[in-house]
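Let me begin by presenting the structure, written as C-alpha cells, before commenting on it.
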Amino acid sequence: MTCDTSLPLRIDALVKHFGQVNAVDGITLELRSGECLGLLGPNGAGKSTLIRSIVGRVIPDAGTILIFGAKADSTAARSTLGWVPQELALYPRLTCRENLRAFGRYHGLSGPVLEQAVARCLGWSTLTDRADELVKNLSGGMKRRLNMAAGLIHQPKLVLMDEPTVGVDPQSRHNIFEMIEKLRGEGMSLIYTTHYMEEAERLCDRIAIVDHGKIIALGTSEELVHNAFGTRSQVLVHFGGSPERVIPWVAARGGQTTDGIAQFTIAHPVEIASLLEDSAKAGLELVDVSLRKPNLESVFLHLTGRELRD
Amino acid sequence: MFAIIRTAMVSLRRDRGALSLSFILPVVFFSIFAVIFGGRRDTTPKIRVLVVDEDHSRASGRLVQGLKQEGSLVVKTRPNPVNDIEQPEYTAATAETAVKEGTAPVAVIIPHGFGENPISFSPADTNRATIQLLKDSSDMIAPQMISGLLQKVAMTSMPDLMADQGSKYFDQSTGGLTREQRDRLNEGIRHLRERQESGASTSVPANEGGGIIAVKARAVVGENKNNPMVSFYAAAIGVMFLLFTASGSAGALLDEAESGTLDRVLSSRVTMTSLLLGKLTYNSLLAFSQLVVMFLWGWAVFKLDFWSHIPGFMVMGVCTSVAVASFGMLLASICRTRAQLGALSTLVILIMSSIGGSMFPRFLMPEAMQKAGLLTINAWAIDGFTKIFWRDEPISHLWPQVLVLVAIAIALFLIARRVARRWEVA
C-alpha cells in the first residue's frame, strides 16, 4: 500500500472481532479530500467499531488505517483527527467554555490560540450566549452541539461524527445539519455515521452501506439506488387479514413484507394492475396501495432483507 | 405488598455491592471487634514496661523479678540486641528517651536507696525512696495498671520486708516487743524471706490502692499538651475520611469512562499514564487540603499545637495524601461501576480503619491485630502524625513512615496503572 499523505483516510482489509462477533469484517475504504462519506447501517452493523478503530480506541485484529499517511494511533494522526462520539462526552459540571478549554488543552492548545479556538467553536455551535452555562443545564440539542464543537476545538482536517443527531428534536437536528454544512463548505473531510437515510442523503457525497461488519454497497445515493433497482419502481401494498396468508403470497410473487406492508419492484407502473388482480384472486383484502421511487431504505432492504432501523 | 417485597429482594440479590454491605460488612466488623474486645486470653495485649534498677539491692531485685513474673507485662531491662550484640541496661535517661520514642508506654525507675526502706505504711514517711513512673500520656491505661501492679508486686514479692517494716511500726507505737517475741517474729520474717527467695511465691490478689511503696508518675510524652488525644484523633479520623474522599474522587474516572469522556480524552494527546498522574496529583492535593482543614480545626477549637509542627505536618501530610490518593485510584480502576466502588471502598476502608487504629488506638489491640494493622495506610500515617504532634520527635525520625507510605503510594499506583489498561483500547 502506498503512503499517500494527501489522502485523509485509507483503510485496508480491517478486521476486528469481539469474541465470536465479527464487528468489522475486512473493510477497505478510502476518503477523498474534502469529501463527506456516510456510513449507513442499522445498530450493531459495525459503524462505531470502525470509527473507534480510526480514532485509535480499538486495536484492529488485522488490517491498516492511515490518516493523512500516519498510523491511526500515532500522535500525528491524533492531531489531524477530530472525533465526535455518539455519547455526550462532556464534563457536566463545567460550563460550555470550560469544557472547550479543557478539550483544547488536552490537544495541546494554550494561551490566545486556545481562547480563539474556544470562541470559534462557540460561534460555530451557536452557543456563544450560553458559553458560561453549566453543561448539565443545557438542553439535549445544545449538549449535542457542544459535543460536536469539543471534537473540533483543535481544528482537525478530518472529522469523524458518530451519530451526532441521536435523540435530538427536529429543530436541533436542523441546526446540526447547518453546522455540518458549514464545515463542508470549508472543505473539511468528514465521516458521518447514521442509521437515518435522510441524513446520509442530505449530507454525504458518498454512502457506504454497512451490515454485519462489511461494506455491502458504496457510492453516491443515486448510484446505490440505480445499482440496486435500475429504473424500476416500488409498489407498497397494505393487505388486511391474516399475515399467515399474506406473507407467503407476497414472497411467492417476489416481494418482501415488513411491518405488514408488502413491497414489490416493478419495471413499469402498468404491472400494478396485474399484481392487484392476482391478490384479489388469492382472496387477500386490499387496504392501500402506493407507488414510489426506491430510496436508500429500499436499497438496504433489497440488499439485506432487513430494514435499516431493525 | 408481596410484589414490592419480591421486587426489592430481586434488586438486592442483583446488586452485589449492596448485598455485600448488608451481610459481609457486619460480620467482618463483628469479628474484628470481637477479637479486640472479646477477651480472648491468648490474644490479650501485654503491656511493655521498661525497668531501670538503679539500686541493685535485694529488695529492688525482687521487685523487678516480681514484675517479670506478671503475665500481663513484658518487662524489658535493656533494649533488644542489635546485630546479636547485647545492649547495655536502660538508665533513667535512656528509658525516658525510649518512652518518648514510643518503645514502651511506661518506664519504672527504681532509685538508689530503695532497698534501705522499700515499703512504708505511712504516706507521710519521708525516708522512703520514691519509684519514678515515666509515662506516655497517650496511653491512659498502661500507667494506671503498672502503678497498681507495683503495689501488688511489692506485697507478693516482699512479704518479709512488709512484716519487718510492720514490726518497726509496732515497736514505735507500743514501746517494743520482748526479746522472746522479737526472736519469734524474726524467725517468721526469715522464713518468709527464704520462702520468697526459693521461688515459692504466693499469688496474693493485687491491692491496687495499697500504696506501700512510693510511686511518683511523670508524663514524659504529652506532659505539656493541652488536650492529649486531639492530635491522635485528628490523624486517626482524618486518615479514614481521606480514604473515603480519595476513593470517591477517584470514582470520577468511572463516571468519565461511562459517559465516554475518558475515551475522548484518550483520543487526544493525553495518555493513560499522564491522565492517571493528573488525577493522582489532584486527589493528593484534595486530601492534603482536607488534612490542613482538619488540623486547623483542631488548633482553633481543641488547642492542638499546629503551628510549631508545620514541617513535620507537611512531610506526613504529603506522604499520607499521596498514599490515600493512590489507594483511591486503585479501587476506582478495579471497579466497573460507581455502585461497586461504593461497596468495595466502604468495606475495605472500614476494615483498614478498624485494624489500622482510626477507630481505637492500636495499643489497645491484641499483638497479632497490632501487627496486622501495619498492613494499612492508617497505622503508618497515625504513627507518623503521633510522632510529630505527640512525641515532638524530629522530622528525621519519620523515615520509616515516609518510606512505607511512599512505597505504598508507588505500588498502588503502578497496580492501578496496570489495571487501567482495560480502558486504553478494546
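The values are calculated or read from the model by the stated rules, or taken from the named source; none is laboratory data. Quantities reported herein were computed from a predicted structural model and do not represent experimental measurements. Please note: Cβ atoms are built from the backbone with ideal geometry, for glycine as well, and neighbour counts cover all protein chains shown.
Within the option set B:LYS387, B:LYS371, being over 22 Å from B:VAL292 (Cα atoms), in a helix (DSSP H, G or I) and in the same structural domain as B:PHE313 (by TED's automatic domain parsing) holds for one residue only, B:LYS371.
Mind listing just one residue for me: the one in region A:282-304 that is part of a helix (DSSP H, G or I) and touching a residue at least 60 places away in the same chain (Cβ under 8 Å) and, of those, surrounded by the fewest Cβ atoms within 10 Å (Cβ to Cβ)?
Pass one, region A:282-304, residues part of a helix (DSSP H, G or I): A:296-304.
Of the ones still in play, those that are also touching a residue at least 60 places away in the same chain (Cβ under 8 Å) are A:296-300, A:302-304.
Numbers: A:LEU296: 22, A:GLU297: 18, A:SER298: 23, A:VAL299: 26, A:PHE300: 28, A:HIS302: 19, A:LEU303: 15, A:THR304: 18.
Filtering first and then ranking leaves A:LEU303.
Here the condition is being in the same structural domain as B:ALA416 (by TED's automatic domain parsing) and buried (at least 24 other Cβ atoms within 10 Å of the Cβ); of B:PHE306, B:PHE327, B:PHE302, it holds for B:PHE327 alone.
Taken together, the residues in region B:400-426 that are assigned to a helix (DSSP H, G or I) and within 14 Å of chain A (Cβ to nearest Cβ) amount to 4.
Keeping to region A:46-83, report how many residues are of a type in the set (Phe, Trp, Tyr) and more than 13 Å from chain B (Cβ to nearest Cβ). Walk me through it before giving the result.
First, pick out the residues of region A:46-83 that are of a type in the set (Phe, Trp, Tyr): A:68, A:83.
Applying the additional criterion that residues be more than 13 Å from chain B (Cβ to nearest Cβ) yields A:68.
Counting residues in region A:46-83 that are of a type in the set (Phe, Trp, Tyr) and more than 13 Å from chain B (Cβ to nearest Cβ) gives 1.
From the residues in region A:155-166 that are within 14 Å of chain B (Cβ to nearest Cβ) and part of a loop (DSSP other than H, G, I, E, B), which one is surrounded by the most Cβ atoms within 10 Å (Cβ to Cβ)? If we take residues in region A:155-166 being within 14 Å of chain B (Cβ to nearest Cβ) and part of a loop (DSSP other than H, G, I, E, B), then A:PRO164 is surrounded by the most Cβ atoms within 10 Å (Cβ to Cβ). Within region A:109-119, none of the residues are in the same structural domain as A:LYS16 (by TED's automatic domain parsing), of a type outside the set (Phe, Trp, Tyr) and within 24 Å of the chain's Cα centre (by Cα). Here B:LEU347 clears all of (1) under 17 Å from the mean Cα position of the chain (by Cα); (2) surrounded by fewer than 23 Cβ atoms within 10 Å (Cβ to Cβ) except the condition numbered (1).
Right, B:GLY357: more than 14 Å from every other protein chain (Cβ to nearest Cβ), of a type outside the set (A, V, I, L, M, F, W, C), surrounded by 23 or more Cβ atoms within 10 Å (Cβ to Cβ) and within 24 Å of the chain's Cα centre (by Cα) or not? Break it down into steps so the answer makes sense when it comes.
Numbers: more than 14 Å from every other protein chain (Cβ to nearest Cβ): yes; of a type outside the set (A, V, I, L, M, F, W, C): yes; surrounded by 23 or more Cβ atoms within 10 Å (Cβ to Cβ): yes; within 24 Å of the chain's Cα centre (by Cα): yes.
Yes.
Taken over region A:188-210, residues that are surrounded by fewer than 23 Cβ atoms within 10 Å (Cβ to Cβ), within 17 Å of A:LEU303 (Cα to Cα) and in contact with a helix residue (DSSP H, G or I) (Cβ under 7 Å, 6 or more places away or on another chain) amount to 1.
Every test in (1) of a type in the set (Asp, Glu); (2) within 9 Å of another protein chain (Cβ to nearest Cβ); (3) within 24 Å of A:GLY219 (Cα to Cα) is passed by A:GLU87 save one, and that test is (3). Return the pair list, or none, for Cβ contacts closer than 6 Å from residues in region B:246-268 that are closer than 18 Å to A:VAL84 by Cβ to residues that are aromatic (Phe, Trp, Tyr) and crowded, with 22+ Cβ neighbours inside 10 Å, at least 6 apart or on different chains. Between residues of region B:246-268 that are closer than 18 Å to A:VAL84 by Cβ and residues that are aromatic (Phe, Trp, Tyr) and crowded, with 22+ Cβ neighbours inside 10 Å, the close pairs are B:SER267/A:TRP83. Checking A:GLY44, A:GLY19, A:GLY69, A:GLY38 one by one, the residue that is surrounded by fewer than 20 Cβ atoms within 10 Å (Cβ to Cβ) and in contact with a Cys (Cβ under 7 Å, 6 or more places away or on another chain) is A:GLY69 and no other.
Summed over region B:282-305, residues that are touching a residue at least 12 places away in the same chain (Cβ under 8 Å), away from chain A (no Cβ under 14 Å) and closer than 25 Å to B:LEU403 by Cα total 11. Quick one: would you say A:GLU222 is among the acidic types (Asp, Glu), part of a helix (DSSP H, G or I) and within 19 Å of A:ARG306 (Cα to Cα)? No.
Within region A:118-154, which residues are under 17 Å from A:SER79 (Cβ atoms) and within 13 Å of chain B (Cβ to nearest Cβ)? Hits for region A:118-154 are A:ALA150, A:GLY151, A:LEU152, A:ILE153, A:HIS154.
Filter region A:228-281 down to the residues that are part of a strand (DSSP E or B) and touching a residue at least 60 places away in the same chain (Cβ under 8 Å) and list them by number. Give the derivation first.
Going residue by residue through region A:228-281, those that are part of a strand (DSSP E or B) are A:233-240, A:256-258, A:261-266.
Passing the criteria: A:SER233, A:GLN234.
Matching residues to (1) of a type in the set (Ser, Thr, Tyr); (2) part of a helix (DSSP H, G or I); (3) touching a strand residue (DSSP E or B) at 6+ places or on another chain (Cβ under 9 Å); (4) not assigned by TED's automatic domain parsing to the domain that holds B:ALA154:
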residue: B:SER60; (1), (2), (3), (4): yes, yes, yes, no
residue: B:VAL74; (1), (2), (3), (4): no, no, yes, no
residue: B:GLN87; (1), (2), (3), (4): no, no, no, no
residue: B:ALA98; (1), (2), (3), (4): no, yes, yes, no
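Residues in region B:256-274 that are crowded, with 16+ Cβ neighbours inside 10 Å, assigned to a helix (DSSP H, G or I) and at the interface with chain A (Cβ under 9 Å from one of its Cβ atoms): B:GLU256, B:SER259, B:THR261, B:LEU262, B:ASP263, B:ARG264, B:VAL265, B:LEU266.
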